[in-house]
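Read the structure below first, then the notes.
Every number here is computed from the coordinates shown, using simple stated rules; none is lab data. As the structure is a prediction and not an experimental result, all values here were calculated from the model. Positions of Cβ are backbone-derived with ideal geometry, glycine not excepted, and every protein chain shown enters the neighbour counts.
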């Protein structure tokens, strides 16, 4: 079952967004330490097609031996014949977007753990290894996890070696993947399903290891040669210098161990070829019984490969598999040496995706070429001699140079085609100087340093075009000029350097009419001072008349336009700015600013009106603030709201909620005195009467209003009622409480006198 999940899925315990049961084809390709990707085809009429989006996950089996794996969709091509091609790659590729902070490690296990622990963002992946190798590993600069895994100098794979397995959100580094199931395949001409790379002559059966010191000392083995595993009817030895592998002169045993490890790790003895085995045409016959065994081979497994003609019997490994998900069987496997590494996997895959043509035009050209090539086996090939030497090959549609019309000629001058005979005009030609002449070229992707053309046209009749030879060959497109639609249009758009009306250069875009009947709009960045304005490195939109930015009401929508309108007065030089929004029935002015006043309004009601004489803020049509040069105003400074008149602050509200007033007229003042809201409650033991007696009462005048007042001084007030040292304020509630206690003390004294406890003086 092929399941589709959101990109955030990690558990895969349900059917997600649904099963893609209409899948036309699906293949998963795995390479040892290489690519791990998926390609599928799906009809646009298939179930859940609309849910197939980039970054979503496909949950499918990658081979016959493992459970389903998540693959992240990276590209969806345009439909071709109602079918889209979908590319996806294993979820492990998300490690390209996880960055690791610098750290150091001393072993393979600690290095992998460090990738997890030092990730700068959430890392859902776990790391495991069966390698116990100890060696220094360092991440010196922030790096992506994927690049640190392998394929580059200093990576984990470079330092510790090994082979990766990606299992969902687990990254496993094996010392060696796979096993030997005893499968043997014999290479021969009768097995036509085997495809092999050329050149098997480079097989090395052993190495001659040595170390040479700076003083000329040479260390070699008594047996001289370290042979590769396997049997060979020939011997081919390669010298191998291990001088740089040792800091000091090695012993014979150290050199032998290093050479043996080199032979093992570098597959010495294995033919430098790759064998591709296709399972599609195989039949259950005696001829193919050996190949049938390969259907039990998994990635990394070891297979014995015999080459009878060369007398070679050696081991090779399964380095690549292509699995048909729908048929639940291998389509092909590849045996031999690793050709790829994990470093180039992403770049190569992305390039393949980019190079894949999805243009219907290109596909038509391909189909056309296929028709010509497959059906073009007519006529004759002719070799031509001059002075006893072969100088040319010609393909003739009639087999006769004299009568042939469609001719291909290939000689030292080049390779070309003519539709007008052997000595006709060769319009299409690849010449010896490297130039190409062609009447028509159809391609999917064209990469070039310079493309020279006269007219670039649309494929469709009457479609858009660029005329590079317009204006007497001056190249208006090259001059960054775009003309309006229609032959009679005088509208142009210019991008680049320009000059303002009245002088002054700018960089930007200018749209204007050469007839002068319309206006112009300039989007510009100032290059130098222009008139009284200097806008260095600033951008501006310039119009030689009124400027309107507008979104018109849609048909059937009774609302008005949303617009910004800037107008000027050529006589007075005064301008006006108006911002309007569409209302239920018409446009309403939100902001209006001219030389007289600025007005901001919402829902048809003024919110702010400012003139040279006053400023008023309104709410629901009622003024809540008014200020001018002489009247009361409100201001906020440093988080403090102040009410001022006559240049003095008459009242203020502080950040902590405290309020200060000059005069307070009120019908009542309430002070919170809830016992439940208080703590550390205890009676005042000190004599309030003594504290009152010590604080003198004074008559005084405030400097700011010259009005007579009475009160006490902060510095003489009892400590318990001093409230604000900065403002030298006293707590009135505390003062009243103190007087309250003083009255109680006087009352007690009166009672004591009455009872004769204290003699009256």
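Rounded if a/c is under 1.5, else prolate if a/b is larger than b/c, else oblate: which is the range 379-437, with a ≥ b ≥ c the root eigenvalues of its Cα gyration tensor?
Oblate, since a/c reaches 1.5 and b/c is not below a/b.
Extending each Cα 7 Å along its Cβ direction at residue 693 and residue 265, get the distance between those two points in nm, one decimal.
About 10.0 nm, to one decimal.
Give me 49, 330, 618 sorted ascending by neighbouring Cβ count inside 10 Å, so fewest comes first.
In increasing order of surrounding Cβ atoms, one gets 49, 618, 330.
Once you put a point 7 Å from the Cα of residue 251 and another 7 Å from the Cα of residue 153, both along the Cβ direction, what distance in nm separates them?
For residue 251 paired with residue 153, the spin-label model returns 3.3 nm.
Can you put 78, 682 in order, fewest other beta carbons within 10 Å first?
So the residues, fewest neighbours to most, are 682, 78.
Report the calculated FRET efficiency for residue 217 and residue 99 (r = Cβ-Cβ distance, R0 = 45 Å), to the nearest 0.05.
0.40
With 10 angstrom as the radius, rank 131, 457 by how many other C-beta atoms surround their C-beta, starting from the fewest.
By the 10 Å Cβ count, ascending: 457, 131.
Tell me, what is the percent relative contact order of the range 379-437, built from C-alpha pairs under 8 Å that lie six or more residues apart?
Relative contact order of the range 379-437: 22 percent.
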